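The values are calculated or read from the model by the stated rules, or taken from the named source; none is laboratory data. All values reported here derive from a predicted model rather than from experimental measurement. Positions of Cβ are backbone-derived with ideal geometry, glycine not excepted, and every protein chain shown enters the neighbour counts. Side chains included, ligands, DNA and RNA excluded: accessible areas come from the protein's heavy atoms. Shrake-Rupley method; radii C 1.70, N 1.55, O 1.52, S 1.80 Å.
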Amino acid sequence: MKKIKTVIIEDEKVALRRHMKFAEENGNLELVGVAESGKKALDLITKKRPQLILLDIELKDMTAFEVLSGLKNTFEGQIIFITAYNEYAVKAFELAATDYLLKPYDKSRFDQAIQRAVEKEQYSNIHAILNLVKSSPYFSNKKIEINEGAVKHLFQADEILWIEADGYYSKIHKVDSSEILVRNTLKDMESNLPDSIFKRINRSSIINTNHIIKESQNIKQHHIFLQGDVKLKKSLAFK
């Protein structure tokens, strides 16, 4: 069977060695090059013309999406994202890309992603990926606006951890542990926040799904844990 010509783009040396080890141990791949920056990645991909790119989302000199923007009219192949972002942040790219690997991942998960590349017939859709980035408050620089009468509060999406109902007010809990009380009901907040990131989980709580650490569920209860040791109960009435 003909092997898939593959390049790896990763700027963390320890992570790069791990990716290379897994790639070299996978019988479906022919590793033809690695790059540790976005600029070197563009040169390498143009020169080697790979069929598969294993691409870290956050590089030191540019993002993966800036790299892809430079390849959108020339690259025809498949893309597997490598990222430390929360699963909820990158899952939207699943249909446009071949797969994504969440750090830290094991060899079994790596091989599963490669098998998807082997079985998938169509190329990754770079134009669709870039359009998803533009519409995602998490990956774009566009700020979230929360209006409170004549006052406009501006936040980066990842600044907000969760939002708590407080009568006719809502308390915004930020990642840095600070709080902001705004005169908006939780229902108003829910209707104005991007539902790709923020989810209502009970009558009094909206969470930023990018900050979910884990979930615990049994027959009687379903709890969601956010960073900063925040534990919230999810109601069956809110899916």
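A few comments on the model shown:
- Too-long pairs where the Cα-Cα distance tops 23 Å, listed order kept, from 152/231; 143/174; 174/199: 152/231
- Sequence-distant residues sharing a close amide H with residue 30 (under 5 Å, placed H): 4, 5, 6
- Packing, as the average of other Cβ atoms within 10 Å across residues, places the peptides 49-59, 121-131 in the order 49-59, 121-131, highest first.
- Selected from 180, 238, 194, residue furthest toward positive end of dipole (the range 153-239; charges at beta carbon): 238
- In a reduced charge model with +1 at each Lys and Arg Cβ and -1 at each Asp and Glu Cβ, the range 1-125 shows a dipole moment near 320 debye about its Cα centre.
- Overall Cα dimensions of the range 1-131 - principal axes, largest extent first, Å: 31, 30, 28
- Accessible surface, the chain, averaged per residue in Å² (probe 1.4 Å): 56 Å²
- Set of lysines near residue 103 by C-alpha distance (under 18 Å), chain-local residues within fewer than 8 positions excluded: 13, 21, 60, 91, 214
- Charge sum, other residues only, whose C-beta stays under 13 Å from residue 190's C-beta, Lys/Arg counted +1 and Asp/Glu -1: +1
- Three-way shape call for the range 3-80 based on the alpha-carbon gyration tensor, with the a/c threshold at 1.5: oblate
- Using Cβ point charges alone (K and R +1, D and E -1), the dipole size of the chain about the Cα centre works out to roughly 360 debye.
- Within the accessible area of the range 121-239, the carbon and sulfur atoms contribute 47%, probe 1.4 Å, all protein chains present.
- Residue of 38, 77, 167 that the Gaussian network model of the chain assigns the largest fluctuation, springs spanning Cα pairs under 10 Å: 167
- Working note: Cα gyration tensor of the range 168-239, eigenvalues times five, square-rooted, sorted largest first, giving semi-axes of 20, 15, 11 Å.
- Helical runs assigned H by DSSP (4 residues or longer) give the chain a calculated mean residue ellipticity at 222 nm of -7500 deg cm²/dmol, each run adding -39500 (n - 2.57) before division by the residue total.
- Rounded to the nearest whole Hz, the Karplus-based 3J(HN,Hα) values (6.51 cos²θ - 1.76 cosθ + 1.60, θ = phi - 60°) of the range 189-197 follow the sequence 4, 4, 6, 9, 8, x, 6, 6, 10, with x at glycine and proline.
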